[in-house]
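What follows is one structure encoded as structure tokens, with my remarks underneath.
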Amino acid sequence: MGEAYIVAAARTAGGRKGGKVSGWHPADLGGAVLDALVARTGADPALIEDVIMGCVGQVGEQGLNIARNAILASSLPESVPGTSVDRQCGSSQQAIHFAAATVMSGAMDIVIAAGVESMSRVPMGLSSQLPYKNGFGTYKSPRIEDRYPGIQFSQFTGAEMLAKKYDLSRAELDAYALKSHQRAMAATKGGKFAAEIVPIDVTLEDGTTARHDADEGIRWDATLESIGAVKLLAEDGRITAATSSQICDGAAGVMIVNERGLKALGVKPLARIHSMTVIGHDPVIMLEAPIPATLKALDRAGMKIGDIDLYEVNEAFASVPTAWLKVTGGDPDKLNVNGGAIALGHPLGGSGAKLMTTLVHAMQDRGARYGLQTMCEGGGLANVTIVERL
């Protein structure tokens, strides 16, 4: 079995709902990232053998194979194929796994794994709610209903269940959210994102054009008091909007190659894919899956959590990374060191590639050897990717 190397990783700066990036069609947004990856490697665009793109809301502007449409909106030639992946929030992390497996097998040498989500233009849940409202049914079949009678699968319910199961107080979750903003602020001020962000031109409310190269969701005035003043999502709950990931518009991607790909491009790799794991877990609590997935991934890799230098655990809700830390025994100082989705936004299908982009660049910046990425996914799923800096 061959190796899979990451030779380029890039993302757009996140945009808030209805914010600076909302004027971009998602196909164009994805295309901008594809162009950036090609430019950063100096690759002949015709050498790209496939584009695998994660996206959750595959309807409307993100329908009809967003991967292919992003290619057509880029500088890549028409000869480059593309396919779209939906593993919910882990869609583009799964795209990375598919791309890595493809080059490791030798079936292809150079593949781009990417993700995109314009949550302003394709609202969350539209792909299921729109057909349901128009009489075309729901995803929950009679057999699923028999197995889970009367249960409405919900990430919000799962986040509360997770907080209660692991005895995470609101105060603890609020403090975690503040830390996410503080780390994102420090990273932005310190230029830590400069190497990973693809600047794009955006049109402002007054009609002028500006360069968008900083994440829009960071609350620069966040305090423990302001976060603590936000209303609970449920009367007896512990989660608030301030301890939840932000709706976000964005795209990200990584170029993955094997040994032949390295020689063809003449570039040095940033990292090597060390191991890949994905599991299915309880779809009701749903967001707990990264915990057993991480334990399984470490066991398969013959590693312990102490062997990992940095980890990115998606902040879908503050209860996810805090519960993950509690069970795995991870070091809080190694977790989401430049902030996470609570501050930077969670562009659903784009987040897997976004987190990998941030992880690889943070590893380069800090001289870390091993990094681990995981995220909770709708349906009770979780991917784990362990990478080694080269």
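The values are calculated or read from the model by the stated rules, or taken from the named source; none is laboratory data. These figures come from a predicted structure and were not determined experimentally. With ideal geometry, Cβ positions are generated from the backbone for all residues, glycine too; neighbour counts draw on all protein chains shown. For the accessible areas, the whole protein counts, side chains as well, though only heavy atoms, and no ligand, DNA or RNA atoms are used. Shrake-Rupley method; radii C 1.70, N 1.55, O 1.52, S 1.80 Å.
Within the stretch 255-268, is even one residue under 26 Å from His25 (Cα atoms), under 19 Å from the mean Cα position of the chain (by Cα) and buried (at least 19 other Cβ atoms within 10 Å of the Cβ)? Yes, there is a match, as at least one residue in the stretch 255-268 is under 26 Å from His25 (Cα atoms), under 19 Å from the mean Cα position of the chain (by Cα) and buried (at least 19 other Cβ atoms within 10 Å of the Cβ). Against the test of being surrounded by 23 or more Cβ atoms within 10 Å (Cβ to Cβ) and part of a helix (DSSP H, G or I), the options Ala297, Ala252, Ala242 yield a single qualifying residue, Ala297.
Please specify each residue of the stretch 309-334 satisfying the condition of being buried (at least 23 other Cβ atoms within 10 Å of the Cβ) and of a type in the set (A, V, I, L, M, F, W, C). Those that are buried (at least 23 other Cβ atoms within 10 Å of the Cβ) and of a type in the set (A, V, I, L, M, F, W, C): Leu310, Val313, Ala316, Phe317, Ala318, Val320, Ala323, Trp324. For the stretch 142-165, the set of residues classified as open to solvent by less than 40 Å² (accessible area, probe 1.4 Å) and in a loop (DSSP other than H, G, I, E, B) consists of Ser154 only. Checking the structure you have, find out if any residue of the stretch 43-50 is modelled with pLDDT of 95 or more, part of a helix (DSSP H, G or I) and touching a strand residue (DSSP E or B) at 6+ places or on another chain (Cβ under 9 Å). The answer is yes; a qualifying residue exists. Candidates are the residues of the stretch 54-74 that are open to solvent by 60 Å² or more (accessible area, probe 1.4 Å) and among the aliphatic types (A, V, I, L, M); the one that is nearest to Leu34 (Cα to Cα) is Leu72. You will find that of Met124, Met119, the residue that is in contact (Cβ under 8 Å) with a residue 24 or more places away in the chain and surrounded by fewer than 20 Cβ atoms within 10 Å (Cβ to Cβ) is Met124 and no other. In the stretch 205-217, the condition of being in a helix (DSSP H, G or I) and open to solvent by less than 70 Å² (accessible area, probe 1.4 Å) is met by no residue.
Scanning the stretch 75-93 for residues that are surrounded by fewer than 24 Cβ atoms within 10 Å (Cβ to Cβ), under 23 Å from the mean Cα position of the chain (by Cα) and assigned to a loop (DSSP other than H, G, I, E, B) yields Pro81, Asp86, Gln88. From the residues in the stretch 315-331 that are among the small types (Gly, Ala, Ser) and assigned to a helix (DSSP H, G or I), which one is nearest to the chain's Cα centre (by Cα)? Here the residue is Ser319.
Each row is one residue, and each column tells you yes or no for (1) in a strand (DSSP E or B); (2) of a type in the set (A, V, I, L, M, F, W, C); (3) surrounded by 20 or more Cβ atoms within 10 Å (Cβ to Cβ); (4) touching a Ser or Thr at 6+ places or on another chain (Cβ under 7 Å).
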| site | (1), (2), (3), (4) |
| --- | --- |
| Ile6 | yes, yes, yes, no |
| Ala10 | yes, yes, yes, yes |
| Ala27 | no, yes, yes, no |
| Val33 | no, yes, yes, yes |
